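Remarks on the structure that follows.
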Amino acid sequence: MSSDTQRSQPWALLAHLNRDLPASIVVFFVALPLCLGIALASGAPLFSGVIAGIIGGIVVGLASGSQLGVSGPAAGLAVIVLAAISNLGSYEAFLAAVVLAGVFQYLLGQFKAGFIAYFVPSSVIKGMLTGIGLLIILKQIPHAFGYDADFEGDEAFEEAGGHNTFSDILQAWDFLTPGAMVIAAVSFAILIFWDVYLSKKHRVFQVLQGPIVVVLTGIALNWAFMQQWLDFKLAADQIVSLPVANSLGDFASFFTHPDFSQMAQPLVIKTALVMAIVASLETLLCVEATDKLDPHKRVTPTNRELKAQGLGNIVSGLIGGLPITQVIVRSSANITFGAHTKASAVLHGFWLLLSALTIACLLNMIPLASLATILIMVGYKLAKPSLFKQMYGLGWEQFVPFVVTIAAIVFTDLLTGIGLGLLVAIFFTLHHSYRNSHYIKQTRSNEEGREVYHLVLAEEVSFFNKASILEVLASIPRDSKVVIDCTNSKSIAYDVVECIQDYQQQAKLKNIAVETIRFNPPKYMLGH
C-alpha cells in the first residue's frame with residue numbers, strides 16, 4: 001500500500017498491526033531509558049525526556065510522512081540544552097525557546113528547506129548508520145557489565161569526568177557486577193536463540209519479539225535478586241528510574257509551562273535558532289538513513305517532516321518537554337524488529353504515556369543490562385561486517401567517505417562525523433566535475449496513446465544531480481511510461497543508481513512502465 005493511500009485512509013495502518021504492535025513495544029523499551037538518560041545529561045527534569053518521547057511518538061508520528069522513523073529527545077542536543085538552561089536562567093525560559101524553535105522548524109518546512117537531505121551522498125549515509133551501530137555497541141558494553149557511569153543515549157566520544165568511549169569500557173572491568181552480567185548473558189542467549197531458531201519455526205515467535213521476552217526475563221531475575229533467591233543485587237543506577245506518580249495530581253505536577261514573557265529576549269531567539277537548525281539537520285539525516293533501511297524503499301517527504309517536527313517541538317515546549325528530532329537509534333530498532341508503518345511509532349508514544357500513568361513501579365525493575373543487550377543487537381544489525389566488504393567493492397570513491405564517516409562518528413560525534421564524511425565525498429565529486437560537465441535533458445513524446453517521458457542522463461551524473469532526478473521522476477504521472485537513457489553516461493554516481501533502482505520498484509504502485517537503456521548497475525546490486 002502506498003503512503004498516499006495510507007494518508008487518505010488512516011485506518012489502513014491497522015492492517016499491519018500484527019507487525020507494528022510488537023515492534024512498538026520493543027521501541028518503547030528502548031526509548032524509555034534513552035529519554036531519561038538524555039534528560040539527565042541535559043540538566044532538565046527527568047520527566048521532560050519522557051514528555052518529549054510521548055510527543056515524538058504521538059504528535060510527530062501522526063503528522064509525519066515517515067513510515068518507520070521514530071522521534072524523541074536526541075543526545076546531539078543535550079549539550080545545547082544544558083548550556084541554554086544555564087544561560088537563560090530558568091527552565092521555563094528555555095521552554096519558550098523550544099516553542100520558538102518549533103515555529104522556526106515549521107517555517108523551514110513551509111519554505112521547502114527539506115531538499116537539503118538529498119545532498120548527502122549514500123556512502124556518508126551508510127557510514128552514518130554503520131558508525132552509529134558501532135557506537136551503540138561500544139556505549140552499551142559497560143551497561144551490560146553493570147557499569148553505568150555514562151548516561152543512556154550518549155553519542156559523544158568524550159564523556160563527563162575525563163573519560164571517553166574506550167576508557168569507559170576499560171573502566172567497566174574494575175566495576176563488574178555479577179548480577180548485571182548474568183542478566184546480560186541470559187538476554188544474549190534469548191535474543192540469539194530467538195533470531196536464529198525460534199523466529200523461523202513458528203509465526204507466533206515473529207509476533208512475540210525476543211526483546212520483549214528479554215525485558216520480562218530481566219524483570220523476573222531482578223525480582224529474584226531482590227527476594228534473595230539468587231545471591232546477586234543490582235544498584236539503583238543499574239535499573240530504569242522513571243518518576244512515579246501516586247495520583248493524577250502527582251502526574252500533573254510533572255508538566256511545566258513556558259515563560260512567554262521571555263520569548264522576545266535576544267538570547268531566547270538565538271537559542272531557538274540554534275536548536276531549530278541542529279534539530280532539523282539531525283532529522284533530515286535520520287530521514288535519509290531510515291529510508292535507506294526501509295525494506296519497501298518508501299520516500300519520506302522531507303518538507304512535511306520538518307513541519308511535523310516543528311509541530312512536535314511546539315507541543316513539547318508548551319508542556320515541559322525537551323526538544324525533539326527524528327532519532328536513528330529508535331528508528332533502526334523499529335525497522336530491525338519488524339515495523340511496517342508509522343503505527344508503531346505512534347503506539348510507542350502511547351505506551352510511554354500509559355506506562356508513566358500506570359506501571360512506573362514495574363518499569364523501574366527493568367535492568368539496564370537487559371536493554372543494553374537489545375541495543376547491542378540493533379548495533380550489530382547496523383554494522384554487519386559484510387557491509388564493509390560491499391562498500392570496499394564499490395571502489396575508493398564510495399569506501400573512503402564511508403570509512404571516514406564511521407571513524408569520525410566514533411571518535412567525535414554524529415554531526416561532526418557526517419560533516420567530515422561529506423567533505424571527503426565532495427572532494428571526489430569535484431574531482432569528477434572538473435573533468436566532465438553534467439546536465440539532465442528531458443523530452444516528451446506519445447506512444448500508442450500513452451505518454452512517454454524520455455530522460456537522457458549526462459556524461460557525468462554525480463550525487464549533486466540526485467535531487468533534480470528525484471524531482472523529475474516524482475513528476476511522472478500515473479499510467480505512463482518513462483525511458484531512462486544512459487547511452488551517453490560515462491559515470492553515474494552510486495546514489496543515482498540506487499535512486500533509479502528504487503524508482504523501478506516504486507513505479508509499479510503508480511502503473512508506470514520503466515525502460516532503461518544501457519543502465520548497468522554493479523553486479524551485487526542486481527537483486528536490489
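Looking only at residues of the stretch 303-322 that are open to solvent by 10 Å² or more (accessible area, probe 1.4 Å) and hydrophobic (A, V, I, L, M, F, W, C), we find that the one that is farthest from M263 (Cα to Cα) is L311. One residue alone among D250, D237 is touching a residue at least 60 places away in the same chain (Cβ under 8 Å), surrounded by fewer than 19 Cβ atoms within 10 Å (Cβ to Cβ) and charged (D, E, K, R), and that residue is D237.
Taken across the stretch 164-182, residues that are surrounded by fewer than 18 Cβ atoms within 10 Å (Cβ to Cβ) and acidic (D, E) do occur, with at least one present. Scanning the stretch 184-193 turns up at least one residue that is surrounded by 15 or more Cβ atoms within 10 Å (Cβ to Cβ), in contact with a Gly (Cβ under 7 Å, 6 or more places away or on another chain) and closer than 29 Å to L414 by Cα. Among residues that are at pLDDT below 95 and not β-branched (V, I, T), A83 is included. The listed residues are I116, I125, and the only one of them that is touching a residue at least 40 places away in the same chain (Cβ under 8 Å), among the β-branched types (V, I, T), open to solvent by 20 Å² or more (accessible area, probe 1.4 Å) and out of contact with any Pro (no Cβ under 7 Å at 6 or more places or on another chain) turns out to be I116.
Count of the stretch 131-154 residues, restricted to those that are surrounded by fewer than 24 Cβ atoms within 10 Å (Cβ to Cβ) and over 26 Å from N222 (Cβ atoms), is 1. Could you check, for the stretch 166-174, whether at least one of its residues is at pLDDT 90 or above, in a helix (DSSP H, G or I) and touching an Asp or Glu at 6+ places or on another chain (Cβ under 7 Å)? The answer is yes; a qualifying residue exists. For the stretch 213-224, state whether one or more residues are surrounded by 13 or more Cβ atoms within 10 Å (Cβ to Cβ), in a loop (DSSP other than H, G, I, E, B), modelled with pLDDT of 85 or more and under 30 Å from the mean Cα position of the chain (by Cα). No, the conditions are met nowhere in the stretch 213-224.
Against the test of being open to solvent by less than 10 Å² (accessible area, probe 1.4 Å), within 30 Å of H143 (Cα to Cα), in contact (Cβ under 8 Å) with a residue 40 or more places away in the chain and among the aliphatic types (A, V, I, L, M), the options V26, V98 yield a single qualifying residue, V26. Each residue in the stretch 391-413 was checked for being within 11 Å of S123 (Cβ to Cβ), open to solvent by 30 Å² or more (accessible area, probe 1.4 Å) and part of a helix (DSSP H, G or I), and 6 of them qualify. Scanning the stretch 329-339 for residues that are open to solvent by 10 Å² or more (accessible area, probe 1.4 Å) and in a helix (DSSP H, G or I) returns V329, I335, T336. If the condition is being part of a helix (DSSP H, G or I) and either modelled with pLDDT of 95 or more or open to solvent by 30 Å² or more (accessible area, probe 1.4 Å) (or both), then the stretch 62-75 contributes L62, A63.
Among the conditions (1) at pLDDT below 85; (2) surrounded by 14 or more Cβ atoms within 10 Å (Cβ to Cβ); (3) more than 35 Å from the chain's Cα centre (by Cα), the only one that Y453 does not satisfy is (1). On the stretch given as the stretch 361-390, residues that are within 20 Å of G131 (Cα to Cα), open to solvent by less than 40 Å² (accessible area, probe 1.4 Å) and either free of Cβ contacts under 8 Å to residues at least 60 places away in the same chain or not hydrophobic (A, V, I, L, M, F, W, C) (or both) total 2. Scanning the stretch 119-143 for residues that are under 12 Å from F402 (Cα atoms) and either part of a helix (DSSP H, G or I) or touching a Cys at 6+ places or on another chain (Cβ under 7 Å) (or both) yields S122, S123, V124, I125, K126, G127, M128, L129, T130, G131. For the stretch 341-360, the count of residues that are under 19 Å from P33 (Cβ atoms), part of a loop (DSSP other than H, G, I, E, B), open to solvent by 20 Å² or more (accessible area, probe 1.4 Å) and polar (S, T, N, Q) is zero. Just one of the listed residues (T325, T256, T271, T300) is assigned to a loop (DSSP other than H, G, I, E, B), open to solvent by less than 50 Å² (accessible area, probe 1.4 Å) and under 21 Å from Y91 (Cβ atoms), namely T256. Restricting to the stretch 330-389, what's the tally of residues that are closer than 30 Å to K233 by Cα and hydroxyl-bearing (S, T, Y)? Result for the stretch 330-389: 5.
Reported count of residues in the stretch 471-519, each being touching a residue at least 60 places away in the same chain (Cβ under 8 Å), among the hydrophobic types (A, V, I, L, M, F, W, C) and surrounded by 18 or more Cβ atoms within 10 Å (Cβ to Cβ), is 1.
The values are calculated or read from the model by the stated rules, or taken from the named source; none is laboratory data. In this text the structure is predicted, and so the values were computed from the model without any measurement. Reconstructed Cβ throughout: ideal geometry from the backbone, glycine too, with neighbour counts over all protein chains shown. Areas reflect the complete protein model, heavy atoms only, side chains present, ligands, DNA and RNA absent. Shrake-Rupley method; radii C 1.70, N 1.55, O 1.52, S 1.80 Å.
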